[in-house]
Amino acid sequence: MFPFQKKPLITVTPTGRIFFADSDEFLIRELNRDGDVIGGFYYPVPRIPVTREDARNSANDMTKDIAEKVELPDFWAVMQSMWPDDNGRLWISTFTEAEDEIEWWVVESDGEFIGKFRWPGDREAPPYISGSTFKHIRGDYFYTREVDEETGLQTVVRYRIEMPLGK
């Protein structure tokens, strides 16, 4: 699976609310415990064209041959990941035109926009694979794993994200 391809995203808030999305559009649906849609929200976002070079850059040694032949969608998926915080807000990472930057949207669980910000990240390496520093969100804190280039030492760093984030 390449990061530009559509994938399902699902998350459960600490209070048990279930949110689902297909990553190819910014449409978040809330599900009840039976899997029925009980609400949702949508935001229009710019689309980024996919190139063969994107496929090559997303490949590792085992998938280089596949990257040359995989059918490419017209555009990158919109969303990379979706995480809840302990206040029930959703933190949604979206792809940007920059290969080394991710845009994070913070919304209330009813879809009300709180703000967004850009953060370093590798759009060709999803956060659950490699290349990402994102680890956890708690309250208004964004925890990351950072690696010292010289020593290879990994450190967990906590950043305070102040609300509202602005547009």
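Bear in mind that the values in this text are calculations on the coordinates, not laboratory data. The shown structure was predicted, so the numbers you read here are calculated from the model rather than taken from an experiment. Note: ideal-geometry Cβ built from the backbone for every residue, glycine included; neighbour counts use all protein chains shown.
The amide H of I161, built 1.01 Å from its N in the peptide plane, has Y141, F142 as neighbours under 5 Å, considering only residues 5 or more places off or on other chains.
Just from its helices, what would the mean residue ellipticity at 222 nm be for the chain, if runs of 4 or more DSSP H residues each count -39500 (n - 2.57) and the sum is divided by every residue, rounded to the nearest 500 deg cm²/dmol?
Details: 2 runs with 13 residues, N = 167.
Only helices count here, giving -2000 deg cm²/dmol.
Within the chain, what's the longest stretch lacking GluC sites (Glu not before Pro) that sit in DSSP loops with no more than 15 other Cβ atoms inside 10 Å?
Working: sites that count: E71, E97, E99, E108, E112, E149, E150, E162.
Result for the longest clean stretch: 1-70.
The H on the amide N of G115, modeled in the peptide plane, is under 5 Å from the matching H of V106, L165, each at least 5 residues off or on a different chain. For segment 8-125, what relative contact order do you get, as a whole percent, if you take Cα pairs closer than 8 Å and at least 6 residues apart? Across segment 8-125, relative contact order equals 20 percent. Annotation for M1 and A98: the two label points, set 7 Å from Cα along the Cα-Cβ direction, are 2.7 nm apart. So I have [x] 11, 42, 37, 10, 1, 0; [y] 10, 41, 40, 9, 0; [z] 10, 36, 35, 17, 2, 0, and one of them is P(r) over Cα pairs in 10 Å bins from 0, in percent calculated from this model. Which one is it? Computed from the coordinates, P(r) over Cα pairs in 10 Å bins from 0, in percent corresponds to [z].
Subtract the Cα-Cα distance of I66 and T51 from 0.36 nm times their separation in residues, and report this length gain in nm to one decimal.
Details: separation 15, 0.36 × 15 = 5.40 nm, distance 1.42 nm.
Answer, rounded to one decimal: 4.0 nm.
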